[in-house]
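Down below is the structure, laid out as structure tokens.
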Amino acid sequence: MSRVLIRGGRVVDPSQGMDAVADVLIADGRVARVGEGIDAPEGTETVDASGLVVAPGLIDVHVHLREPGGEHKETIATGARAAAAGGFTAVVAMPNTDPPIDSIALVGYVKAAGLRAGGARVFPSGCITLGQKGEQLTEIGELVSAGAVCVTDDGRPVMNAGLLRMALEYAQSFDLPVAVHEEELTLSRGGTMNEGIIATRLGLTGIPNAAEDVMIARDLMLAELTGGRLHIQHVATRTGVELIRAAKAKGVRVTAEGSPHHFTLTDEAVEWYNTNAKMNPPLRSAADRDAVRAGVADGTLDVIATDHAPHHYDEKEQAFEDAPNGIVGLETAVGLAYTELVATGLIDLPTLVERMSCAPARSMNLDRIGLGSLRPGSAGDVTILDPMAEWTVDPARFVSLSKNTPFGGRKLRCRAVRTLIGGQTAWQYNA
Amino acid sequence: MSAAPTSFLGKDLLALEPLTAEQIRLILDTAEPLKEISERQIKKVPTLRGKTVVNLFFEASTRTRISFEFAEKRMSADTVSIAASGSSVQKGETLVDTARNLEAMRIDMVVIRHASSGAARFLAERIESSVINAGDGKHEHPTQGLLDLLTIRDHRGTIEGLKVCICGDVLHSRVARSNIHGLKRLGAEVGVCGPLTLMPADVDALGVRWFNRIEAAIEWADVLNVLRLQLERMKGGFIPSLREYNRVFGVTRARVEAKQGDLLILHPGPMNRGVEIDSDVADGPHSVILQQVTNGVAVRMAVLYLLAGGPAPEGGDA
Ligand SMILES: [Zn+2]
């Protein structure tokens with residue numbers, strides 16, 4: 001019987017309202033006991049966590065692992081290890097690969113590759129529509145049976161409102177969240193950054209906030225109409241946050257994400273044509289950034305998700321309009337969330353754990369298999385954080401295959417120092 | 001920038017936005033006497049002898065390319081012009097590879113035209129040679145802005161205090177951006193006129209006023225700079241039809257004649273006669289369109305000369 005005893009840390013577990021110095025005993029991959037002064041029998045591995053924070057394993061419900069089809073950017077194995085290095089014990093892999101994950105075989109492929117990866121647990125998602133073409137629903141029930149935890153056409157919106165209505169209704173047979181990338185394509189049309197004075201000066205085509213807002217409004221109405229579970233990805237606008245807040249107050253079943261780059265940066269980061277600040281939805285104004293922060297703080301945005309989007313450096317080394325969207329996020333997320341939200345007094349540490357572990361688990365039904373919690377019987381996934389750590393982002397040290405980040409050189413506080421998955425140390429920080 | 005500034009202007013000319021009034025005036029003052037060279041029997045001076053200039057045109061533009069080629073040849077530079085079609089660029093060579101190759105060939109100057117905003121800056125940041133932006137996407141076209149300034153100054157004596165209205169598709173126009181920055185820097189009041197569908201977001205934050213009627217713009221302005229309307233804008237839904245555009249926003253003879261006082265009319269060409277400008281206006285007494293072409297060569301000679309290390313102004317605090 002394998003045992004790990006994590007001793008003397010500040011155990012922060014909002015799933016059981018806990019914030020106290022305690023020991024955590026994991027036996028045979030599951031949490032056995034949490035409490036003061038736990039005695040460990042002979043042969044127990046002990047981890048000294050004094051001065052550190054012991055949290056249920058962090059979960060990122062929005063990552064792009066690029067396999068199959070983009071293995072030069074990231075593979076399931078490198079992505080899973082990068083996740084563990086960032087303190088994540090589980091990730092949900094987006095299905096916009098090449099080919100897209102729209103069949104039972106492909107879901108099975110991602111799941112199997114994740115099991116072999118030796119990093120964070122990898123949960124596949126499946127497409128809403130075949131080939132993400134927005135025309136015909138995938139065999140959603142089959143995808144679920146193969147292991148998909150949600151369906152999404154992420155990277156693209158579902159432009160056909162009637163089809164999304166069907167998805168929200170159909171997915172209820174499986175109590176499955178339908179995750180949506182909100183972008184009205186006739187409004188964003190060819191835009192490459194936020195619409196505003198910076199885009200005007202740089203001569204880049206802007207994407208108005210309304211491109212995101214009208215789709216959020218539409219889909220909240222469809223969620224209300226159908227009673228389905230809507231999960232809105234990477235919210236970047238102030239009106240988007242307001243709409244979701246109002247819908248939640250009405251009882252609409254919606255969860256939503258705020259991304260570290262959207263609560264940290266504004267479109268000023270694009271100047272002068274910084275392709276590492278090119279993403280979709282784009283970085284927006286200070287008012288939007290502040291609204292995303294406030295949304296994460298009050299829980300309108302339940303989940304902090306990275307939208308980890310690796311690209312090979314050659315692909316970002318282009319004129320801005322020709323470069324692909326996205327930045328890597330797994331290894332900077334905890335530091336950014338702590339530095340921008342906790343250290344600034346916007347949220348406390350338990351709220352950070354709630355947004356990065358408990359809520360993500362619930363949003364994708366992963367709480368049902370014991371993730372996002374340290375209650376006895378739960379999965380034995382633990383992230384140990386050092387909130388006093390001060391470090392500087394050095395992309396060259398990323399475990400991820402790709403290094404595309406706008407945060408190189410940024411000083412951050414707090415980092416994951418050990419990531420345990422099923423009681424096994426999957427990653428440990430060596431200074 | 002990868003290299004230390006080599007002249008009062010710096011290493012490159014990428015945009016008018018970052019230039020000071022003094023730098024802009026230096027270019028215009030340098031261009032002034034160079035106009036005379038084009039009047040000579042033998043239109044050549046040895047100023048750039050031994051210098052190599054590459055004209056890299058990733059986007060078709062016969063007028064700008066020829067203007068640069070004339071300027072380079074009249075200064076005795078060795079020149080090579082590369083058009084995108086038929087070059088390695090079409091075969092998938094990236095801008096980075098192009099930059100590396102140029103660097104390896106020890107080129108002194110590169111003139112680049114590219115469909116992507118920021119492409120000229122991208123190149124300039126990666127090579128030691130001077131880079132001149134000959135138009136990048138919807139960003140800037142600084143030598144066009146400078147030749148417009150020179151033409152206006154020729155006719156009005158000064159830019160300061162003039163009211164200049166840029167008419168038409170400001171949204172997609174690199175000419176408009178260079179004009180706005182250059183004119184404002186030299187003290188002009190700047191207006192823009194056209195439907196809001198063709199205006200960039202927050203255009204007023206650039207310090208310009210918007211006219212929704214061409215009649216009001218003409219009444220207000222001392223100078224009109226009429227932009228070319230790309231005919232595909234109609235298909236893109238930016239305007240209902242070319243006919244309507246001419247009816248509502250066209251610079252017509254009747255509208256020009258209704259104006260009290262002087263009016264100077266510029267157009268960067270090529271013109272859509274009968275769309276944004278009527279023929280009798282383009283060929284009429286207010287038009288200085290052909291002088292713009294002449295001034296274009298002089299301005300480009302001045303820029304080449306100054307970037308090649310031509311003197312800073314007396315007492316210039318470069
Ligand atoms: Zn997305």
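Some values worked out for this structure:
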item: Dimensions in Å of region A:304-431 - Rg and Dmax from alpha carbons; result: 16.1, 53
item: Principal axis box of region A:9-108, alpha-carbon based, largest edge first, Å; result: 52, 29, 24
item: Kirkwood-type radius of region A:223-362, with distances r between different C-alpha atoms, in Å; result: 15.6 Å
item: Evaluated at q = 0.19, 0.25 Å⁻¹: base-10 log I(q)/I(0), Debye formula over Cα of region A:92-183; result: -0.77, -1.27
item: Inverse mean reciprocal Cα-Cα distance (Kirkwood Rh) of region B:184-312, Å; result: 16.3 Å
item: Rounded accessible area of A:HIS181 (nearest 10 Å², 1.4 Å probe); result: 10 Å²
item: Anchor B:LYS44: lysines whose Cα lies under 30 Å away (excluding residues fewer than 8 positions away in-chain); result: B:LYS11, B:LYS35, B:LYS73
item: Equivalent ellipsoid, chain B (semi-axes from 5 times Cα gyration tensor eigenvalues, Å); result: 32, 22, 18
item: 12 Å beta-carbon shell around B:SER76, net charge (K/R +1, D/E -1); result: +4
item: Under the Karplus curve 6.51 cos²θ - 1.76 cosθ + 1.60, θ = phi - 60°, whole-Hz ³J(HN,Hα) for region B:123-136, x wherever Gly or Pro sits; result: 5, 4, 6, 10, 10, 7, 5, 6, 10, 10, 7, 9, x, 10
item: Other protein chain Cβ atoms within 10 Å, averaged over every residue that makes up B:201-212; result: 2
item: Cα centroid separation - region B:55-82 against region A:369-408, whole Å; result: 54 Å
item: Distance from region B:227-304 to region A:302-354 (C-alpha centre basis), Å; result: 47 Å
item: Region A:227-266 - charge dipole about Cα centre, Lys and Arg +1 at Cβ, Asp and Glu -1, debye rounded to 20; result: 200 debye
item: When chain A is reduced to its Cα atoms, the Kirkwood hydrodynamic radius in Å; result: 21.4 Å
item: Radius of gyration and Dmax over the Cα atoms of region A:71-141, both given in Å; result: 12.6, 38
item: Sequence of A:TYR170, A:TYR429 from largest to smallest accessible area, 1.4 Å probe; result: A:TYR170, A:TYR429
item: Region B:231-318: GluC sites (Glu not before Pro) in DSSP coil with no more than 11 other Cβ atoms inside 10 Å; result: B:GLU314
item: Gap separating the Cα centres of region B:195-210 and region A:64-127, nearest whole Å; result: 45 Å
item: Charge dipole (region A:10-90, unit charges on Cβ, about Cα centre) - positive-most of A:PRO56, A:GLY35, A:ILE76; result: A:ILE76
item: Protein-only accessible surface order, largest first, of B:TRP210, A:TRP427 at 1.4 Å; result: B:TRP210, A:TRP427
item: Accessible area per residue in Å² at 1.4 Å probe, computed on the protein assembly as shown; result: 37 Å²
item: Viscosity 0.692 mPa s, temperature 37 °C, Stokes-Einstein D of region B:125-234 from Kirkwood C-alpha radius, µm²/s; result: 228 µm²/s
item: Exposure of A:THR226 as accessible area (Å², to 10), given a probe of 1.4 Å and all protein chains; result: 20 Å²
item: Dimensions (Å) - the protein assembly as shown, Cα atoms, principal axes, largest first; result: 102, 54, 46
item: Filtered trypsin sites (Lys or Arg not before Pro), region B:84-179: DSSP coil and at most 14 other beta carbons within 10 Å; result: B:ARG106
item: Accessible surface buried once B binds A (1.4 Å probe; total of both sides; Å²); result: 1700 Å²
item: Listed residues A:HIS262, B:HIS286 arranged by accessible area, highest first, probe 1.4 Å; result: B:HIS286, A:HIS262
item: Solvent-accessible surface (1.4 angstrom probe) belonging to A:LYS250, in square angstrom, nearest 10; result: 140 Å²
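The values are calculated or read from the model by the stated rules, or taken from the named source; none is laboratory data. Nothing here was measured: the structure is a model prediction, and the numbers come from that model. Quick reminder, even Gly has a Cβ in these numbers, built from the backbone with ideal geometry, and neighbours come from all protein chains shown. To get the accessible areas, we keep the full protein, side chains included, count just its heavy atoms, and leave off ligands, DNA and RNA. Shrake-Rupley method; radii C 1.70, N 1.55, O 1.52, S 1.80 Å.
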